[in-house]
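Below is one structure, written out as structure tokens; comments come after it.
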Amino acid sequence: MEFAVVEGESFSPSCPTLIMPALSIGNVGQLAVDLLISSAKARRVAYLDEPSVLPCAGNDAFGPDAVGDLALALEAYESTSHRLAFIQQRSPVITGMTVSFAKNVADFIRSVGKNHVVILSSLDSGKRRVIDASSDMQVYYFSSCNEDGSDPEYEKLGWKKLEEYDPSHKRWGFLSGLVEGGDFSEDMVDDTDEMTINDYYASLPFAALFSACKAKGLKVSCVLCYCSEGDNMPESFQLAEAVCKLLGDSPEKFHGNGSNGWIIPLSWKSVYGPPPDMSIF
């Protein structure tokens, strides 16, 4: 992966944690990253050029006004005041190149000095085995902290480990072999024929990104929620709130400047209109 640093900017060693989406149903990860970038008032520091990602261009995603600054398919942002870096991905990976993309991203993250990666993504609610009606939305995770994906710090937040993460499962093994350079075909991971429920989770982009970052020795966590296609703003707000908890910040502190609400990205307003009443989240 090549990248072009924005004039006058650089990657800061004071931003060791990087947050990025993995594309999935409802684009919840992307929406949550947009919300975090906007609310943290992060600066764009680089444009990333990755051959496995379909090219795209649009108007400035954050504003406050559309002034004609281009937003591209992959970009890097940083907020030194919050000690956070971000990658935003705005277009999908070419079919059959999911693992190649993940490996290139992991190489890039390590090369710019980040040591903790938080991947935000969503899961198809139609694949959900058990529905817990005790709360509106549950946050699921798995982490490189322990081999089985568990992390006691995340359990303290009330999150549930994703049971379908099983490193001993065949397809998770294929994935680990691919990112570590083993003699496997990437088609084994992307082929959806006769796929079991465990195979489904291991075939998603967040699984490849997790495995690639872990193979590079990075601390990596996946933070996930279930959703359906539609207006997924509520899920994105709640996933962003989950990130605040993970980082040990209250949402109010994260917003900064005494604000009691998130800063809604300009790109949202053209698609979704005015934001919902935040008092319900």
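The table for this structure:
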{"quantity": "Rounded if a/c under 1.5, otherwise prolate or oblate - the range 1-84, Cα gyration tensor axes", "calculated": "rounded"}
{"quantity": "Distance between modelled label sites at Glu180 and Glu9, nm, 7 Å Cα→Cβ extension", "calculated": "3.6 nm"}
{"quantity": "Solvent exposure ordering (accessible area, 1.4 Å, most first) of Glu163, Glu75", "calculated": "Glu163, Glu75"}
{"quantity": "Under 12 Å, Cβ to Cβ, from Lys214 - net charge with Lys/Arg +1 and Asp/Glu -1", "calculated": "+2"}
{"quantity": "Phi-based couplings in Hz for the range 242-247 (Karplus 6.51, -1.76, 1.60; Gly and Pro marked x)", "calculated": "4, 4, 4, 4, 4, 7"}
{"quantity": "Cα-Cα over 20 Å, subset of Lys41/Lys269; Lys103/Lys216; Lys103/Lys214; Lys127/Lys245", "calculated": "Lys127/Lys245"}
{"quantity": "Residue-wise HN-Hα coupling along the range 45-57, computed from phi with Karplus coefficients 6.51, -1.76, 1.60 (Hz; x: Gly, Pro)", "calculated": "10, 7, 9, 9, 10, 10, x, 8, 9, 4, x, 7, 8"}
{"quantity": "In Å², nearest 10: area of Glu180 left accessible to a 1.4 Å probe", "calculated": "130 Å²"}
{"quantity": "Approximate spin-label separation Asp69-Thr95, in nm, with each point projected 7 Å along Cα-to-Cβ", "calculated": "3.7 nm"}
{"quantity": "List Lys41, Lys114, Lys161, ordered by accessible area with a 1.4 Å probe, largest first", "calculated": "Lys41, Lys161, Lys114"}
{"quantity": "1.4 Å probe accessible area per residue over the range 54-132, in Å²", "calculated": "44 Å²"}
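The values are calculated or read from the model by the stated rules, or taken from the named source; none is laboratory data. Note that this is a predicted model, so its numbers are computed, not measured. Every residue, glycine among them, receives a Cβ derived from its backbone with ideal geometry; neighbour counts consider all protein chains shown. Protein only, heavy atoms only, side chains kept; ligands, DNA and RNA dropped before computing areas. Shrake-Rupley method; radii C 1.70, N 1.55, O 1.52, S 1.80 Å.
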